[in-house]
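Please treat every number below as a calculation from the coordinates, not as lab data. Values in this document were obtained by computation on a predicted structure and should not be read as measured data. Note that each Cβ is placed from the backbone with ideal geometry, even for glycine, and that neighbours are counted across all protein chains shown.
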Amino acid sequence: MVLHELGLKLAGALSKLNQTSSVDDELINGVVKEIVGALLAADVNVKLVGQLRKQVTDRIKLEGAEGVNMGRLVERAVIESLVGLLDPGHEPFKMKKGKPSVVMFVGLQGAGKTTTVGKYAHFYKKKKFSVGMVCADTFRAGAFDQLKQNAIRVHVPYYGDYTETDPVAIAKQGVDFFRSERTDVIIVDTSGRHKQEAALFEEMEAVAAAIQPDEVIFVMDSSIGQAAYAQAEAFKASVPVGSCIITKLDGHAKGGGALSAVAATGSPITFVGVGEHFEDLERFEAPSFISKMLGRGDVKGLMEKLTDTIDKDAQEAMMERISKGKNFSLRDMYDQFAQIQQLGPLDKVMGMLPGGMGQMLGGMGGGDSGDRIKKFLCIMDSMTTAELDGKANFDKEPTRKVRVAQGAGVSPMDVDMLLKAYKQFAGVVQKMGKSGLMKGGDAHLQQQLARNPGAVMQQLQKSFDPKMLQQMGGAGGMMNMMKQMTGMDPSALQGMMGGAGGGLGNLMNMFGGGGAGAAGAGAGGKKTVRVRR
């Protein structure tokens, strides 16, 4: 993933501050030098790296004094400077329902702008905004067809013209049409252009003057490299860039150039693209991004994802039943898996857990967790009501396993694997209910996780059987991997994980560990779309 290597290097450098009881000037200078080298190697603009280094050293000189924990001071200075690199200090434009807002997308060719327009439309449609898409890209062959297909797939009306060659005219007509319809979010896709293409830049300025956008979004490819800074400056000089979206963060490029481009525009990042599907557009917050990049999780982002996705009433009802001693049924597990699927790829969700725990759990297995959960759901779809509600005994009636396997198109061994996962999952949930962690329902659990994630993780860990660790080949390899990811001492990690770190990892291993991409939105739909030909 983009910036993953940078995150590992930065985390490794910062970990040196916690591995010694004496933090002297030599160690501090060495850590700062290592961080500067990692940023330069990741294509972050040299001018910005110089500014960051000065900020860190100035703060150390200003706040360093006898009795101050220098390790924590240096770490805090570095992290806050990295956050400052991505956060210009002002809020982006905010949409309001009932008031049409025009959003103009600009960027280089090949940055993924039209795809991002579809993701952006999908995001706001899920938030119950009315959305319209306008194709003002008359330069690239097939641009209108691509936007039209994206609009159909996310069930959003669109506007374009195969015969009109003037992008200014199309943009104005499309915006006027959607304004007359009182559409909340009017998205205008424009041609990709390069700063050397003066005519295209003049065209972009003309489009902006004609439609008077409330927000101009600069879309940049995370793999663009050092050229990003100058390109971003050119766009900012021509149109009032209000925010940025970084695309292709699921790739393997260095990514520092994209960070440099953000600084050049002086505009906040609002979203990042993390995959090919319409769901793969995530809200961006600089502190959470830096925390996740350093392997420290993103509890706030996880809470928002849970809040947006999970059926709160159903979840609290289940927790209330479990806390009162009711059994956790296969039907309950089905509901949990169905909601897990809505969260997106498991590896991304696990990456939001604090302390590096997520990286370990997300990487426990070599299979595809998304496919494994889909298979489990398919198997449970073949079960009867009595079987799902725990009123039938698979062990005493083995023919049930054969019937379920035939109905789901899987082998009886797959059914056995599901039932084994269910027994472990049920045991964990029952122990969590007895521990009081579920008392107060889902809201209480989320509140506790946000307030003190370490304590919650320890409570969760107590719910797992340490003997299951043997099935994973021991803890040594995992702890070493965790040390590389987080820079934390293995003994500290083992303590945080409850001494063994076994049960939850084994359960995740059964699901396949690493995550698959979330399913893309389906094509078609009954909603009427509008096109001008």
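So here's what we get for this one:
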| item | result |
| --- | --- |
| Cβ-based exposure ranking for M133, M417, M204, in which fewest neighbours within 10 Å come first | M417, M204, M133 |
| Mean-position separation - Cα centroids, segment 32-107 and segment 386-426, in angstrom | 52 Å |
| Extension gain (nm, one decimal) between V83 and L62, 0.36 nm per residue minus Cα-Cα | 5.6 nm |
| Calculated log₁₀ intensity ratio I(q)/I(0) where the Debye formula runs over C-alpha points of segment 4-86, q = 0.15, 0.16, 0.18 Å⁻¹ | -0.49, -0.56, -0.71 |
| Low-density loop positions, GluC sites (Glu not before Pro), segment 1-94 - DSSP coil, at most 11 other Cβ in 10 Å | E66 |
| Trypsin sites (Lys or Arg not before Pro) restricted to segment 98-142 and DSSP loop, no more than 11 other C-beta within 10 Å | K128 |
| Out-of-range pairs (alpha-carbon distance over 26 Å; input K172/K195; K54/K195; K33/K248; K96/K126) | K54/K195; K33/K248 |
| HN-Hα J in Hz across segment 163-173 - Karplus 6.51, -1.76, 1.60, θ = phi - 60°, x for Gly and Pro | 9, 6, 9, 8, x, 5, 5, 4, 4, 5, 4 |
| Gyration tensor (alpha-carbon) shape descriptor, segment 50-192, a/c threshold 1.5 | prolate |
| 18 Å reach of a label modelled at R331, 7 Å along Cα-to-Cβ, counting backbone N of segment 402-425 | 422-423 |
| Extension gain, A169 back to Q19 (0.36 nm per residue minus Cα-Cα distance, nm) | 47.7 nm |
| Neighbour-count ranking [beta-carbon atoms within 10 angstrom, fewest first] of H4, H90, H122 | H90, H4, H122 |
| Residue order, fewest to most surrounding Cβ atoms within 10 angstrom, among D332, D137, D395, D176 | D395, D176, D332, D137 |
| Where N is the number of residues in segment 101-280, Cα Rg divided by 2.2 N^0.38 Å | 0.95 |
